[in-house]
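Reviewing the structure listed below.
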Amino acid sequence: MRKLIFCTLALLTGVANAGTIEMKVYGLVCGFCAQGIEKTLRKNPATSDVVVSLEHKLVAISTHEGQDIPDAELTRALTDSGYDVKGIERTRRSLDQIRAELRQEKK
Amino acid sequence: MNLFRIAFAGCVLAGAGTLAEAKPIAFSHGTTVMAEYGAGTMTEAQVFYAPKYFLSLGGGHLELESDIDHRRREITYARANYLVKRWNLEDAQANVFVWGGAGQAYVSELDEHQFAANAGAQIDYETRRIYASLKTDLQRADAFSHRTDTLQLGLAPYKHDFDSLATWFVLQGRQYTGGIHDGTEWALLLRLFKRGAWIEAGVTDEGKLQAMAMVNF
């Protein structure tokens with residue numbers, strides 16, 4: 001029974017601890033302005049890295065191993081920075097992959 | 001007064017040294033340092049700190065010199081800026097800001113200092129390719145009332161991204177009331193910014209330098 005509970009919890013938290021959180025954000029039109037978002041998210045102790053793409057209206061963060069940031073906290077951080085969050089998704093893409101894809105698109 | 005101005009100039013230079021919007025509020029917990037040279041008629045430096053994304057507090061020093069009769073005003077002020085409304089659209093952002101403050105003004109023709117009040121507003125709209133803003137700034141004391149209205153229309157030749165250099169060509173029209181300048185002063189500006197550093201420079205229709213530098217950190 002303990003094993004079953006453990007496995008169920010592991011499956012449930014596994015989704016939350018995917019490590020990369022991608023957010024669709026409206027109002028991102030200027031790198032000069034969006035630096036506030038990066039600054040705010042980097043202050044969170046669970047954050048290990050941040051990528052912002054104006055082209056994709058994307059703010060992606062990676063979290064430290066085994067850590068997560070609740071959606072409500074992310075939404076509050078972005079809203080308090082003056083932007084509107086339109087979606088939050090946990091993905092398997094690493095931030096290095098996202099950076100590489102963004103670089104590829106520019107070529 | 002001199003001590004304050006020296007300290008203020010020191011803050012500006014310190015900020016420019018560590019890094020180098022034209023929005024009065026950059027971002028929550030951000031500091032904005034700005035200096036503008038407006039064709040010899042207007043020179044201004046400002047420092048603001050934003051405890052919230054919709055509010056910034058700070059001060060500035062503005063010098064206005066009439067190119068008609070060389071009357072001069074040197075105004076040092078404390079100011080609060082407030083974001084009244086922001087529209088975050090999928091590919092655009094629009095804002096309405098207001099501000100108000102008070103300080104002291106030196107009036108050259110009277111050779112005296114007077115209490116001065118300040119109020120203004122700005123509305124702007126931008127995408128990654130076009131930019132438009134309209135700003136009005138009123139400085140008032142017993143001896144004068146000057147309003148500076150500034151229209152800016154910008155066009156970017158390409159879409160910049162977060163880590164890349166943004167380039168804008170900006171047409172600026174500016175009018176002063178109260179005998180500072182006759183008619184509309186037009187200027188063509190080249191604006192460059194990347195992350196927290198912003199610089200723009202150009203010439204007016206009279207061939208005078210118009211320039212601004214700003215850092216956010």
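The values are calculated or read from the model by the stated rules, or taken from the named source; none is laboratory data. Here the structure is a predicted model, which means the values were calculated and not measured. A quick note on method: Cβ atoms are made from the backbone with ideal geometry, for glycine too, and the neighbour counts reach across all protein chains shown.
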**Study point:** Qualifying positions in the range B:168-179 - more than 12 Å from chain A (Cβ to nearest Cβ) and on the phi < 0 side of the Ramachandran plot
**Key:** B:PHE169, B:VAL170, B:LEU171, B:GLN172, B:GLY173, B:ARG174, B:GLN175, B:TYR176, B:THR177
Review point. Out of the residues in the range A:65-89 that are at pLDDT below 95 and farther than 22 Å from B:HIS29 by Cα, which is surrounded by the most Cβ atoms within 10 Å (Cβ to Cβ)?
Key: A:ASP68
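What are the residues in the range A:78-98 that are among the hydrophobic types (A, V, I, L, M, F, W, C) and in contact with an Asp or Glu (Cβ under 7 Å, 6 or more places away or on another chain), if any?
A:ILE88, A:LEU95
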Practice item. Would you point out the residue of the range B:165-217, among those that are in a strand (DSSP E or B), in contact with a Gly (Cβ under 9 Å, 6 or more places away or on another chain) and charged (D, E, K, R), that is surrounded by the fewest Cβ atoms within 10 Å (Cβ to Cβ)? Key: B:LYS194
Practice item. Answer with yes or no whether B:LEU89 is at pLDDT 95 or above, at negative phi and crowded, with 19+ Cβ neighbours inside 10 Å. Key: no
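Of all residues in the range A:33-51, which are of a type in the set (S, T, N, Q) and within 12 Å of another protein chain (Cβ to nearest Cβ)?
A:GLN35, A:THR40
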Revision key, fill the gap. Scanning the range A:27-51 for residues that are in contact with an Asp or Glu (Cβ under 9 Å, 6 or more places away or on another chain), part of a helix (DSSP H, G or I) and within 23 Å of A:ARG93 (Cβ to Cβ) gives A:GLY31, A:THR40, A:ARG42
Check your understanding: For the range B:155-172, does any single residue satisfy the condition of being touching a Lys or Arg at 6+ places or on another chain (Cβ under 6 Å), more than 20 Å from B:VAL47 (Cα to Cα) and among the basic types (Lys, Arg)?
Key -> yes
Review point. In the list B:LYS135, B:LYS85, B:LYS194, which residue meets the criterion of being in contact with an Asp or Glu (Cβ under 9 Å, 6 or more places away or on another chain) and within 14 Å of chain A (Cβ to nearest Cβ)?
Key: B:LYS194
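Do the conditions hold for B:SER66, that is, is it among the hydroxyl-bearing types (Ser, Thr, Tyr) and within 11 Å of chain A (Cβ to nearest Cβ)?
no
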